[in-house]
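Notes to accompany the following structure.
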Amino acid sequence: MTSEGLTTSTVPIELRNVSISFGEKQVLSDISFQLSCGETLILLGVTGSGKSVLLKLIAGLLKPDSGEILIRGENIAPLPESQLNPFRKLMGVVFQEGALFDSLSVYENVAYPLRESGLTDEDQIEQAVRQVLSFVEMEEAIDKMPAQLSGGMRRRVSVARAIVNQPSIMLYDSPTAGLDPVTANTINILIAKLRDIQRVSSILVTQRVQDALYLSTYVYSPERHELVPANSDGRTRPSTRFMVLRDSQIYFLGTREDLMRLKDPYLVRFIS
Ligand SMILES: Nc1ncnc2c1ncn2[C@@H]1O[C@H](COP(=O)(O)OP(=O)(O)O)[C@@H](O)[C@H]1O
Ligand SMILES: [Mg+2]
């Protein structure tokens with residue numbers, strides 16, 4: 001990705017001493033970590049621990065009280081709204097509440113970010129829309145309205161919309177929440193596909209331990225269009241770490257093996 005004006009740092013996301021509070025409530029204090037290229041960071045923590053706030057800070061939707069938020073090496077924290085667009089284009093965001101526009105067709109929903117970023121050639125727009133809809137296996141729904149789709153299909157269209165600008169970073173906030181296990185799995189497959197085929201770096205908030213463990217031990221098989229255990233088929237392990245927020249700080253950051261080995265009573269709830 002070589003967007004004009006951006007440095008070529010290979011570190012997609014780095015936070016340095018980031019703090020934010022709302023009124024009296026300190027939500028995040030002195031948070032520092034790096035997301036590596038191609039890595040998936042699975043963000044865990046009880047309700048209210050600041051997971052969504054952390055993603056919104058990275059997406060430039062909230063400003064920290066202090067600290068630096070580096071996207072590809074550039075600190076976005078001091079930038080005014082008018083200068084955030086190039087960074088937003090690097091990031092695809094799937095928020096739980098990030099609903100589709102009800103009055104727009106699937107085609108127009110997915111085309112929306114392209115039009116926002118100034119694309120006007122309708123042939124180019126249609127080609128890009130069809131490509132991402134086919135990636136999420138929703139091309140046949142291109143002319144449907146959101147109300148005609150199931151919850152899982154709508155979520156897949158939101159993923160298509162999030163990736164239409166070909167972001168190298170994805171932020172997912174509880175993308176499988178409210179979906180039945182089978183449908184949730186189609187979303188997990190998409191997340192793994194973006195990670196393993198497109199080499200997208202991502203941060204994933206999830207309440208579902210099974211999703212987290214699944215994504216950290218399975219990889220996408222292009223031949224079989226499904227997830228297969230890592231290390232079978234000669235595939236390597238996906239690059240995945242876990243981060244647990246507690247009392248406004250990073251309580252744990254490490255691999256699944258570290259998480260299992262620690263036998264920490266507080267962490268057990270997230271892995272059992
Ligand atoms: N815009 C806001 N204004 C005031 N308080 C907020 C705002 N956004 C989040 N909070 C508070 O910050 C805390 C963390 O919220 P959040 O990040 O949504 O938690 P979660 O880990 O469940 O996603 C909560 O106490 C929430 O009420
Ligand atoms: Mg949340």
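The values are calculated or read from the model by the stated rules, or taken from the named source; none is laboratory data. These figures come from a predicted structure and were not determined experimentally. We place every Cβ from the backbone using ideal geometry, glycine too, and count neighbours over all the protein chains shown. Surface accessibility is based on the protein's heavy atoms, side chains included, excluding ligands, DNA and RNA. Shrake-Rupley method; radii C 1.70, N 1.55, O 1.52, S 1.80 Å.
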Too long for a 29 Å Cα-Cα cut-off, among Lys89/Lys144; Lys51/Lys193; Lys144/Lys193; Lys63/Lys89; Lys51/Lys144; Lys51/Lys89, are Lys51/Lys144
Summed over the other residues with a beta carbon less than 12 angstrom from that of Arg72, with K and R at +1 and D and E at -1, the charge totals -1
For the chain, percent of DSSP beta bridges that are antiparallel (nearest 5) comes out at 55
Probe 1.4 Å, heavy atoms of protein chains only: per residue, the accessible area of the range 170-272 in Å² is 46
The simple spin-label model distance between Gln198 and Glu126, using points 7 Å out along Cα→Cβ, in nm, is 2.3
Carbon/sulfur accessible area of the range 1-143, % of total, 1.4 Å probe, equals 48
Once normalised by the length of the chain, the mean sequence separation of its alpha carbon contacts under 8 Å that are 6 or more apart gives a contact order in percent of 23
Fraction of alpha-carbon pairs in the range 63-204 farther than 21 Å apart, rounded to whole percent, equals 44
Sequence order, the range 204-217: Karplus ³J(HN,Hα) from phi using 6.51 cos²θ - 1.76 cosθ + 1.60, θ = phi - 60°, Hz rounded, Gly and Pro as x, gives 10, 8, 8, 8, 9, 4, 4, 4, 4, 5, 4, 5, 8, 10
Here the gain from full extension of Glu137 to Thr10, 0.36 nm per residue of separation minus their alpha-carbon distance, amounts to 42.7 nm
Rounded to the nearest 5, the percent of antiparallel DSSP beta bridges in the range 123-272 equals 65
The answer for the range 91-146, accessible area per residue at 1.4 Å probe in Å², is 54
Placing one equal point scatterer on each C-alpha of the range 174-272 and summing with Debye, one gets log10 I(q)/I(0) at q = 0.17, 0.20, 0.21 Å⁻¹ equal to -0.81, -1.08, -1.16
In order over the range 153-168: 3J(HN,Hα) from phi, Karplus 6.51/-1.76/1.60, θ = phi - 60°, whole Hz, x for each Gly or Pro, gives 5, 4, 4, 5, 5, 5, 5, 4, 4, 5, 9, 5, 8, 6, x, 9
Here the equivalent ellipsoid of the range 1-130, derived from its Cα gyration tensor, has semi-axes (largest first, whole Å) of 29, 19, 14
For the Ala99, Lys63 Cβ pair and Förster radius 25 Å, calculated FRET efficiency rounded to 0.05 is 0.55
Residue-normalised 222 nm signal for the chain, counting each DSSP H run of n ≥ 4 as -39,500 (n - 2.57), nearest 500 deg cm²/dmol, is -10000 deg cm²/dmol
Between Leu84 and Thr217, Cβ-based FRET efficiency (R0 51 Å, step 0.05) works out to 0.90
Quick calc of log₁₀ I(q)/I(0), the chain, Debye, one scatterer on every Cα, no solvent, q values 0.09, 0.10, 0.11, 0.13 1/Å, result -0.41, -0.51, -0.62, -0.88
Diffing the range 54-70: the Karplus 3J(HN,Hα) column from phi (6.51, -1.76, 1.60, θ = phi - 60°), in whole Hz with x for Gly and Pro, holds 4, 5, 5, 4, 5, 6, x, 8, 10, 9, x, 6, 7, x, 10, 10, 9
Counting only protein heavy atoms with a 1.4 Å probe and every protein chain in place, the carbon and sulfur fraction of the accessible surface of the range 148-249 in whole percent equals 47
